[in-house]
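What follows is a short report on a single structure.
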């Protein structure tokens, strides 16, 4: 991971925290694993957004950025799906 990607990840992690979410990087060591390099966006209790199973909601940094750019009402709709 180069420095600009790490900077972007940290910026998105702070943005997620402000919205009461947690951004977690999948820590796979196997370079052939399908989810290596992906992220998980969860609420503070560790539940993925949208009510999906954790394995179904592993996303890229670009997708995290797109989700966190949503207005608060739209993001609330996503988080409501998991209850």
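Only the coordinates and a few stated rules stand behind these numbers; no lab work does. This structure is a prediction, so every number in the text was calculated from the model and none was measured.
Between residue 22 and residue 72, the contour length at 0.36 nm per residue exceeds the alpha carbon distance by 16.4 nm. Taking each residue as 0.36 nm, the span from residue 5 to residue 47 lengthens on full extension beyond its C-alpha to C-alpha distance by 12.6 nm.
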